[in-house]
Every structure is written in C-alpha cells, then in structure tokens.
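Nothing in this text is a laboratory measurement; each read-out follows from the coordinates by a stated rule. On a predicted model such as this, the values are computed, not experimentally measured, just so you know. Virtual Cβ from ideal backbone geometry, glycine too; neighbours counted across all protein chains shown.
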Amino acid sequence: MNTHGDMPPSIPAPRMPSDLQQRMQKTVLGPDRVPGLLVSAETEERHPPMVVWLHGRTANKELDPGRYLRLMRAGISVCALDLPGHGDRFDAELQHHEHVLDVILRMVDELDDAVEEAASMLEADPTRLGIGGMSAGGMVAASRLTRPHPYCCCVMEATTGSWGDQQERPMFDARSPEEIAVIDPLEHLDEWKPIPVLAVHCKADQWVDWNGQNRFLQALESLDGGSGRIERMLFDSTGTAHEHVGFGPHAADAKQREVDFFARHLLRRLS
C-alpha cells in the first residue's frame, strides 16, 4: 500500500506454476462481479477449509503464487480477490493514493457475497474460513472483522487496524480525525469476536506504523483475556523498499509461518 504521492506502476501478474494451474480457476464472484482466483486444496477432505487472501495497492490477485501453492499443498483451498481498480478490473485512477481508503471500504462491502460464492464453488467448509491480507488488503480484513463474520482466524501482513495512527498519510488527507474515528477498526471493537490473529510486520516500516498496529493488537489481547491467540512475527529491518513491500530475505519464512498458522487453526486434527 503506497500511501505517498508517488504512483508506482501496477505490478504485472507472474506466470503461474504448472502445479497451481492444474488446480486453479479464474472467475468473477457475487453481484459486484469481483475477479477471483480460486485454488482447490490437495486433500481427500470433501469439504476442506478455505483462506481468503487480499493483496495490497497496485498489486493483483495473481501476485503471490508461492503462498497459494503452500496453502494448496497444506490441504487448504484459496480464494484470492482483486481489490477495486486492480488486476482484472484495472482502473489507474483507483490506484492513486487519494483513493486507497475508498478502495478498502468498497472491498469490505463486496467481500461477503464474493466469499460465499467462492466457498460454494470450491465446496469449502463454511465453518472453517480464514482471512488475510497485505497492507490495504489487511485493512479490509481488519475492518470486516469488527462486525459479525464467519472467520476462524486472520493473518495481517504489513498492515494495521489502527487507522487513526495513519491519519498523516495521504490516503486520509480528505478525512478529518472525527471521520477517521467513525471507520477506524480500533474504535469499533465492541462486536469483536476473539479469534487467533497473526501479525507479520517490519518495525521499520515507513508506510504502516508498527506502534499503531501494536496498539491494535494489544486491544485484541485485552478483549481475548490474554489467551495467547494474538501472535506477532516481527523484523527489525528487511532491506525492502520503504521496509514495507515484502520481507526480503525473510519472505519465505514469513509465508511459511503464515501457512502453518492457518493450518493449525483450520485443519481438522486426526485422532
């Protein structure tokens, strides 16, 4: 999520690995026709769990095939969605920093219908859904989880649930502190359903303030009664652009930790 004035080019979709191509399909979902990439799990389960994954700004749903392969091989299906203005619904205007918040809030509204149809198409178990996202996509997840929802666990990567701590960023230029408070997930935890959360973050992130995200996580821990279900994977620095886009030499470890987290909370234990 580039929240500064510079406008990076939209990232092209990579070529998908052959193993992934055999188990994936591209489609549109829900009445809003949200472009989706669906991946069926490698499993003997008739109704496997499913993870919903949301990318960041100027990216697309095809950007992370390594993540999808790991989930697929772990026995978890995947529903990856394009944010408004991104990927198969590209709109250069919506990728500018001043529209990031509009994109996030629109995706929150589109999410439920798209996920319901994806779960049906993949024959996923609707009682074992996980959600996660990077940067802007993670903000979508944080906002959606402040209302009643079907998710069992969440991964938040380089993102935040404390939007008030981001109010100096260009994405909030047109919003007063009072307007931000109305939509800030941290200010709307009265209906929060305690679920396991894994936050993966670089402390030196120049675009998403770690102190704000940590404040959000501490609020979740308080609501959860100190159960230990709120986890953190932190890096002091990664050497990546603005310490935000990916985790550089730690990327593979971060992805594996996230997949292990989803597997721990979504897969059935065999007796």
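Quick look at the values:
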{"item": "Antiparallel %, DSSP beta bridges [both residues in segment 33-137], to 5", "result": "25"}
{"item": "Theoretical gain in end-to-end length, Leu234 to Asp112 [0.36 nm per residue, Cα-Cα removed]", "result": "40.9 nm"}
{"item": "Shape call, segment 7-128: gyration tensor on alpha carbons, a/c limit 1.5", "result": "oblate"}
{"item": "Residue-span extension gain [Glu98 to Asp260] - 0.36 nm each, minus C-alpha spacing", "result": "54.8 nm"}
{"item": "Rounded to 5, percent antiparallel among DSSP beta bridges of the chain", "result": "25"}
{"item": "The chain - charge dipole about Cα centre, Lys and Arg +1 at Cβ, Asp and Glu -1, debye rounded to 20", "result": "1020"}
{"item": "Order of Met16, Met139 - criterion: other Cβ atoms within 10 Å of each residue's Cβ, fewest first", "result": "Met16, Met139"}
{"item": "Likely footprinting exposure, Cys152, Cys79, Cys202, fewest C-beta neighbours within 10 Å first", "result": "Cys152, Cys202, Cys79"}
{"item": "Segment 20-265 - percent relative contact order, Cα under 8 Å, separation 6 or more", "result": "17"}
{"item": "Sites Glu45 and Glu178 - FRET efficiency at Förster radius 45 Å, r taken between beta-carbons, to 0.05", "result": "0.40"}
{"item": "Helical segments meeting 18 Å axial Cα length and Kyte-Doolittle -1.0 threshold in the chain (DSSP H)", "result": "100-121, 210-223, 251-266"}
{"item": "Span from the segment 199-270 Cα centroid across to the segment 12-41 one, whole angstrom", "result": "25"}
{"item": "Neighbour-count order for Leu234, Leu29, fewest beta carbons within 10 angstrom listed first", "result": "Leu234, Leu29"}
{"item": "When segment 55-124 is reduced to its Cα atoms, the Kirkwood hydrodynamic radius in Å", "result": "13.2"}
{"item": "The chain: calculated mean residue ellipticity at 222 nm from DSSP helix runs of at least 4, using -39500 (n - 2.57)", "result": "-9000 deg cm²/dmol"}
{"item": "Distance histogram in 5 Å bins (all Cα pairs of the chain, percent per bin)", "result": "1, 6, 14, 19, 20, 19, 13, 6, 2, 0, 0"}
{"item": "Difference of contour (0.36 nm per residue) and Cα-Cα distance, Arg73 to Glu191", "result": "39.1 nm"}
{"item": "Relative frequency of Cα-Cα separations exceeding 14 Å in segment 169-241, percent", "result": "67"}
